[in-house]
Amino acid sequence: MRKVLIVGIGAGDPDQLTIQAIKALNQADVLFIPDKGPKNAGLRRIRIDICDRHIERRPYRSVDFDVPVRDRHPADYAATVAAWHAEIAALYEQLILTELGPDECGAFLVWGDPGFYDSTLRIIDRLHDAGLAFDHEVVPGISSVQALAARHRIPLNRIGEPLLVLPGRRLGDRMPEDAGSVVVMLDGAGAFNRIDPDGVEIFWGGCLGTKDEVLIAGRLADVRDEIEAARAGLQERIGWVMDTYLLRRIADDE
Ligand SMILES: C[S@@+](CC[C@H](N)C(=O)[O-])C[C@H]1O[C@@H](n2cnc3c(N)ncnc32)[C@H](O)[C@@H]1O
């Protein structure tokens, strides 16, 4: 039976692959490499570097595929995402059926960890629900959330307090009540600028794990302009920026 490995590859640093992930890449007959267009060529390059560095056999077989582009400002968010997923599912089905022999194994290289704000596993479920026969396995990866905590040398939660992880569009104009600490991902628009900065600190990471990584931490009111400038600088210099950050109330004794 065909087999598909969903391999978490870390958030940009080729040193962040687990031994399990390296074994999975070496087990796969075919590596599926997403191409998100010229603006994101740097992300494709990192995936290629990871394969070149960790796959032992030469040559190894890789197949590029164009990732369908999603409308970033849809009138109906849920319907747009559903249609986008359907498009990707059709693409994955085609890759599995045409690029893998009946007993071959393919690997999708998933950024960070497949369990954090990534839809690959939902797409795989969709294919199974539609009756496509293949086995699959998931290999965890180092998420950008873990990379953020490690690079700032902080625990993500305060003792006994909750940790909320949300996409930037779900951050309102104040710190969510009772959230403790809040990790924000998928924020293309500097959502931290919307919240009242009074008494709030931020630990920000842009392009974590890459050679262009930028780290900024401090009182939100003091550093938010610096973060905006860093985001703009990365965008201009390397053409893409992904950022993740932690927000929390400044403790009374700080
Ligand atoms: C589609 S989600 C994928 C998350 C990924 N599965 C993970 O575990 O990190 C993309 C978001 O992850 C975060 N992200 C991924 N890689 C990052 C990096 N190297 N530096 C900072 N943030 C990153 C950003 O918030 C970005 O908008």
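The values are calculated or read from the model by the stated rules, or taken from the named source; none is laboratory data. None of the values given here were measured: they were computed from a predicted structure. No Cβ is skipped: glycine too gets one built from the backbone with ideal geometry, and neighbour counts run over all protein chains shown. What goes into the accessible areas is simple: the full protein's heavy atoms, side chains included, and nothing from ligands, DNA or RNA. Shrake-Rupley method; radii C 1.70, N 1.55, O 1.52, S 1.80 Å.
Brief remarks follow.
- V200 being closer than 25 Å to A232 by Cα, at pLDDT 95 or above and away from the ligand (no atom under 16 Å from the Cβ): yes
- Flag for P59 being open to solvent by 70 Å² or more (accessible area, probe 1.4 Å) and either assigned to a helix (DSSP H, G or I) or more than 15 Å from the ligand (Cβ to nearest atom) (or both): yes
- All of (1) in contact (Cβ under 8 Å) with a residue 24 or more places away in the chain; (2) closer than 30 Å to Y92 by Cβ; (3) aliphatic (A, V, I, L, M); (4) not in a loop (DSSP other than H, G, I, E, B) hold for L166 with one exception: (1).
Yes/no per residue for (1) open to solvent by 30 Å² or more (accessible area, probe 1.4 Å); (2) outside any strand (DSSP E or B); (3) at pLDDT below 95:
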site: V4; (1), (2), (3): no, no, no
site: R44; (1), (2), (3): yes, yes, yes
site: A75; (1), (2), (3): yes, yes, yes
site: T80; (1), (2), (3): yes, yes, yes
site: E87; (1), (2), (3): yes, yes, yes
site: Q94; (1), (2), (3): yes, yes, no
site: T98; (1), (2), (3): yes, yes, no
site: G101; (1), (2), (3): no, yes, no
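- Filter result (part of a helix (DSSP H, G or I), out of contact with any strand residue (DSSP E or B) (no Cβ under 7 Å at 6 or more places or on another chain) and open to solvent by less than 70 Å² (accessible area, probe 1.4 Å)) within segment 109-146: I123, L127, H128
- Tally, over segment 187-200, of residues that are open to solvent by 20 Å² or more (accessible area, probe 1.4 Å) and either in contact (Cβ under 8 Å) with a residue 24 or more places away in the chain or part of a loop (DSSP other than H, G, I, E, B) (or both): 7
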